[in-house]
Structure formats: C-alpha cells, structure tokens
Amino acid sequence: MQGSSLKIAALVVLAIVLLALPQVVESSFAIDIFVRILLFSFIGVAWNLMGGYAKQLSLGHAAYFGLGAYTSTLMQINYGISPWIGMVAGGVVAAAASLPIGWLCFRLRGPYFTIATIATAQALMLIFLKFRDFAWGAEGITIPILGNAPLMLQFESKAAYYYVVLGLLALGLLITYKIEQSWMGYYLVAIGEDEDAAEAIGVNAPRIKRDVYMLSAFLTALAGTFYVQYIYFIDPPTAFSLNISIEAALVAIVGGIGTLWGPVIGTLLLETTSTLLQSWLGSNTGGIQLTVYALILMAVILWRPNGLMGFVNELLQRRREQQQKPARARTAP
Amino acid sequence: MLETVAQAVINGLLIGGIYALVSIGVTLIFGVVKIVNFAQGEFVMIGMYITFFLFNYLGIDPLLSLFISMPVLFVIGMLVQHFLIRRVLGPNDMPQIFLTFALSLLLLNLALLLFSADYRTIHTSYSDAAFHLGGLYVPEAKLIAFVVAMALSGALWIFLRTTDLGKAMRAASQKPDVAVLMGINPNRVFAVAFGAALALAGAAGSLLMPFYSAYPFVGQVFVLMAFVAVVLGTLGNVVGALVASLMMGVAESLGIQFVGADSGLIVVFAMFLLTLAFKPTGLGGGRVR
C-alpha cells in the first residue's frame, strides 16, 4: 500500500516537473532536445507494445511512421484538412496497413520476421519514391508555414510542440499500463516467452499479435504526423527511414524490453549521449553517433539483456533483501 | 527483343553469382549456428575495402587478393563467433538478432568514420574487357567473378559432403544434441562455419571490386538480396540459396530492363512478398522456423 502511494506521489512530481520544464527552460535548443527525447520515447513505447511484450522484433516500424506522416500531409496539402484530423486518419491508415503486412510477416518467426518487416518498410519507401504523381516522389514537399495556427498543428513557440508530444507519450504510457494490467498483457508476455506453449494453453496467438500490431502501428503513425509537422518537410527517405525503425527498437532494448518505462529511460540515455557527442564534436557526427549507439546496444545485450530497467530492478531487489535480512533475524526466536 | 531478354538474363546470372556467395554464407550460418547474421553485408564491404587498399597501395590484383581477403575474413569470423555470438546462443531470439544487428551498425559506421562516404573504384586491365557472343555482351570481370563464385560454392558443397569436418557441420545443424553425443565439439564446428561464411563474403568483396564501387553502405544492397534469396531457397539450404540467388539476379536484371532503372529492388521485394504469401517454406519445401 505504502509502495503504491509512493509511486503515485513520484508520478505527480514527475508530471509537474515535465509540465513546468518549458516554462523554466527558455532555450529553444534545449526544448528541441526535450521534444526529440519525448518523441523517440513515444515511438519506443509504441514499438515496445509489440516488440517488448510479445517479443515480435520488428525493424520495420518506419512503415507506419511514414504512412501516418504521408496520410496527414496528403490530406493537408490536397484538401486543406487539419493535421490534427490527419494524425488520427494516418493512424487508421497505418492500422489498416498493418493487417496485410502482418499477415505476410507473421508467417515467419524470429529473425526472419525481423527481416520481413525491414523489407516491407523498404518496399514502401521505394513505392513512394517511384510513384511521383501520387506523393511528390523523391523531391518531397515542404509543409506551408502558417505562423501560429494551433488548429493546423502549427505553433510559434517550441514549447507548444513539447506539450503535444508530451501528451502523445502520456497516451502511449497509459495504453501500455492498461494493457500490462489486463489479460491482454499476460497473453502478450506468454506469446513472447513461447508462442507454441501459449497456443497450447488456449491463447489465440495470431489474433493477439494482429491486434497489438495494429495498436502499435496506430501509435507509431501518430508520431509520424507529429514529426513531419515539427520539421515542416517530408520525403520518402525521411518518412520511411530505417533509422526510425532502428531507434524505436534500440531505445526499448537499451531501456528495458517489455517494461513500461524502459523506452523512456533508453531514450534519455541515448539522446543525452548523442547530444553530448554533438556538442563535443560539432554537428558532423553521423558516423560517431551510430557507432556509439551500436556499442551501447552490444554492451547491453552482452551484459544487461534486461536493459537499464532490469539493472535498476536488480539493485532495488538486492537492497530490499538486505533490509529484510536483519528484520527477519529479529523476529526469529 | 529476344536479344534484350537474353542480355538481361546474362547480366542477372552474372551478378546472381555474387549474391549466391553472400546468401550461401547467410544460410550456412543459419543452418549450423542457428542465427541470422545481419552483419553479413558489412563483411562483404570489408572484403571490398581490403581489396581496394591492396590494389591501391601494393598493386595487388583483386583476383590475387582473394587469397588475402578470404583468410582474413575467415579469422575474423572465428573471432566474432568465439567472442560475441557464442555468448548469445540459446532459445531467446532477441539478443541474437540485435547483437549481429549492432555489429552491422558498428562496422558500417566505423567504415563511414574511417573511409568517409566516398565511392572507391579500381581499374584493372580486365575491368572494361568483354566477350561478344553473337549480339550478346559478356563483361570479362563479371564472368570471372561468376566462375570463381560458382567454383567456391561447389568447393563448399564438396567440403560439406565429403570431409569429416563438413559432415560434422551438417550433423551439428541437423541434430545438435546428438552431434555432441557423437563427440562433435559444437563450438569448433560453429567457429569454422562462421569463418567459412565470412570467407565467402570476403570472396564476394574481392570479386566485386573490379566492376563495383566500395562505400560504407554497399553491404546493405547485398545482404537484403541474400536474405530474400535465403527465404526463397528455404532457410538453411545451401543449394536452395544458390539457385534462388541466381533467380533473383535475373529477376532484378529483368526488372531494371523492363520496368526502369530504379525498379530492380521493387521486383525483388515483390518476389519476396509473393514467396511469403504463397510459399513461405521456400522453393525447397521443408519447414519454416
């Protein structure tokens, strides 16, 4: 009981800090970094639903990021529809696209599922590059700048973007929490542990995987719309970038795969590292950043396969045991 | 028209030989060690850079550098297996996938740091030479690459069939537990398989160099192709991977000829998706893991 009220108190403090942050920090450079951290946390949370709990290790989530981004941009440019509506529409399109894509990819398991997801995301990028009449091809398009137009998801201050993506992350975490607490969460973990065994005890694995894949795709697509609106530009290599797929998985694995807060912790570590590298070495760090990410990923896999959350839990567990030992000694006769 | 098709088929078969070297490596590792090596393409890239620097600084012909790139990559393969892969073998997929994936990211970005993103090419006496068969055009460098690739694939096949180590490898891939009972040391077999697979990637790199540019991302082209070929040719099946690679080379080449220069990959992906939809066990049948 005491533990849960402590957790709620910590959550309230965290919420206050996060809400106050852009009011205190005024540098738009810093807020830009916060936005990146929140955005990639959110993408990681979306990936984690399927990749972390059900261990369906997709490296093709850029497919949904891109579909979401393109849907809202096409609606905005061609019909003047607000990206707020486009964002939801993009999510629906991505969720619908996850049905055939999942139908194909779930035929393979383990590493070959991963490859199939990479291939589908790459194929979508090639399609958007090839058919230029449909969506501007390789040139991409710049989103018209409207000044301060909150109804069109455009703001003058960076802080507003911060609150939007903070809201997205809160939504993602809330959904994950609800699923974690429900039968669905247990089914997902069972599938992740051993799919055949889960099916043997009556888990409808194909249906559960399909549903969680749809949800994961929907959320990832929301991030796609936000990102494009934030940088005011879209082209196929940006929207379907393999790096998006990689980072989605990376933050979850480094932070702690299949845990509520893992993707957030992972993003904090990776984005902070990347920012520090940039400030030390200047902006020309493309190679260095991913080299360091790769080394961190290897280190986590070899030494801490449960990620940073696993590490923290281990420490807490050890402390609890040490506290309990003398207590037990006293009660013994 | 017929000539155009025949020319496209020839081009496809020749490049398909290189795809075969990469995909046989992937399928060999998958068959024996039971992991997918996402970094296989980066080892092709390393083979290319080795060949490039040997040619540029020491004037060693790419074909001769086969005798350097293959052993070097064989040793790298044994080391990677011993120090990295061995530690993540087990029922859990996640560490295996992301360890080799991290290795791929690492090698690619190290190459980017060390060699920059520049395209590097070399020019040999046979780079521009070609045979003419009727109206058809067969570039010499590609023909040599194809012949050597087929010879190496054949050598591997004979090795797996006839030598004790090769038989031990096949035994370890079919029934690992029983193989251990028969006195086969799995770690040794795994290291040799990994080394052999990387040596093939190194060979692919050396053979490519006379007619292809080396750059940090070059491996991605080949590894994607190899993954598709390995699924199409039934996972773990060496002959299947070879046949599928040649088919994909031809499909890609026909795609480039008849759909457009940037459409080779689209045709390959379409083949992949069709395979998944209608024959996920690959052409050789068997089971899907």
- [ ] Tell me, yes or no, whether region B:32-48 has at least one residue that is away from every other protein chain (no Cβ under 14 Å), assigned to a helix (DSSP H, G or I) and modelled with pLDDT under 90.
- [x] yes
Open item on the list: Can you pull out every residue in region B:128-153 that is in contact with a Phe, Trp or Tyr (Cβ under 6 Å, 6 or more places away or on another chain), touching a residue at least 40 places away in the same chain (Cβ under 8 Å) and surrounded by fewer than 19 Cβ atoms within 10 Å (Cβ to Cβ)?
Closed with: B:VAL138
Task: Flag if A:THR259 is among the hydroxyl-bearing types (Ser, Thr, Tyr), over 18 Å from A:TYR53 (Cα atoms) and crowded, with 18+ Cβ neighbours inside 10 Å - done: no
- [ ] For region B:71-118, name all the residues that are more than 8 Å from every other protein chain (Cβ to nearest Cβ) and among the aromatic types (Phe, Trp, Tyr).
- [x] B:PHE74, B:PHE83, B:PHE115
- [ ] Scan the helices (runs of 4 or more DSSP H) fully inside region A:213-288 and keep the ones with 1 or more residues being within 13 Å of chain B (Cβ to nearest Cβ) and in contact with a strand residue (DSSP E or B) (Cβ under 8 Å, 6 or more places away or on another chain).
- [x] none
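Which one is surrounded by the fewest Cβ atoms within 10 Å (Cβ to Cβ), of the residues in region A:127-138 that are more than 9 Å from chain B (Cβ to nearest Cβ) and modelled with pLDDT of 80 or more?
Within region A:127-138, the match that is surrounded by the fewest Cβ atoms within 10 Å (Cβ to Cβ) is A:TRP136.
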TODO: Among what's in region B:203-221 and is buried (at least 22 other Cβ atoms within 10 Å of the Cβ) and within 14 Å of chain A (Cβ to nearest Cβ), pick the residue that is nearest to A:LEU108 (Cα to Cα).
DONE: B:GLY219
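Tell me which residues, restricted to region A:45-56, are within 14 Å of another protein chain (Cβ to nearest Cβ) and surrounded by 24 or more Cβ atoms within 10 Å (Cβ to Cβ). Don't jump to the end; show me each part of the working.
The first filter runs over region A:45-56 and keeps only residues within 14 Å of another protein chain (Cβ to nearest Cβ), leaving A:47-48, A:50-56.
Result: A:TRP47, A:ASN48, A:MET50, A:GLY51, A:GLY52, A:TYR53, A:ALA54, A:GLN56.
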Open item on the list: From the list A:LEU168, A:LEU173, A:LEU215, A:LEU188, exactly one residue is touching a residue at least 40 places away in the same chain (Cβ under 8 Å), more than 27 Å from A:THR71 (Cα to Cα), in contact with a Leu (Cβ under 9 Å, 6 or more places away or on another chain) and of a type outside the set (D, E, K, R). Which is it?
Closed with: A:LEU188
Task: Count of region B:30-57 residues which are more than 22 Å from B:SER116 (Cα to Cα), surrounded by 22 or more Cβ atoms within 10 Å (Cβ to Cβ) and touching a Gly at 6+ places or on another chain (Cβ under 9 Å) - done: 5
TODO: Report the residue count in region B:90-123 for those that are buried (at least 17 other Cβ atoms within 10 Å of the Cβ) and in a loop (DSSP other than H, G, I, E, B).
DONE: 1
TODO: Sort through A:LEU124, A:LEU99, A:LEU67 and tell me the only one that's within 14 Å of chain B (Cβ to nearest Cβ) and closer than 25 Å to A:LEU171 by Cα.
DONE: A:LEU99
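Collect the residues in region A:102-112 that are more than 7 Å from every other protein chain (Cβ to nearest Cβ) and surrounded by 21 or more Cβ atoms within 10 Å (Cβ to Cβ), keeping them in residue-number order. Working first, answer last.
Here is the first cut: in region A:102-112, the ones more than 7 Å from every other protein chain (Cβ to nearest Cβ) are A:102-103, A:105-106.
Result: A:GLY102, A:CYS105.
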TODO: Could you check, for region A:194-204, whether at least one of its residues is touching a Pro at 6+ places or on another chain (Cβ under 9 Å) and not in a helix (DSSP H, G or I)?
DONE: yes
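Out of region B:124-151, which residues are part of a loop (DSSP other than H, G, I, E, B) and either more than 22 Å from B:LEU58 (Cβ to Cβ) or within 14 Å of chain A (Cβ to nearest Cβ) (or both)?
Within region B:124-151, B:ASP128, B:ALA129, B:GLY134, B:GLY135 qualify.
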Task: Subset of region A:139-156 that is exposed (fewer than 13 other Cβ atoms within 10 Å of the Cβ), in a loop (DSSP other than H, G, I, E, B) and at negative phi - its residue that is farthest from the other protein chains (Cβ to nearest Cβ) - done: A:ASN148
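The values are calculated or read from the model by the stated rules, or taken from the named source; none is laboratory data. Keep in mind that what you see is a predicted model, and the values were worked out from it rather than measured. Note that we place each Cβ from the backbone using ideal geometry, even for glycine, and neighbour counts take in every protein chain shown.
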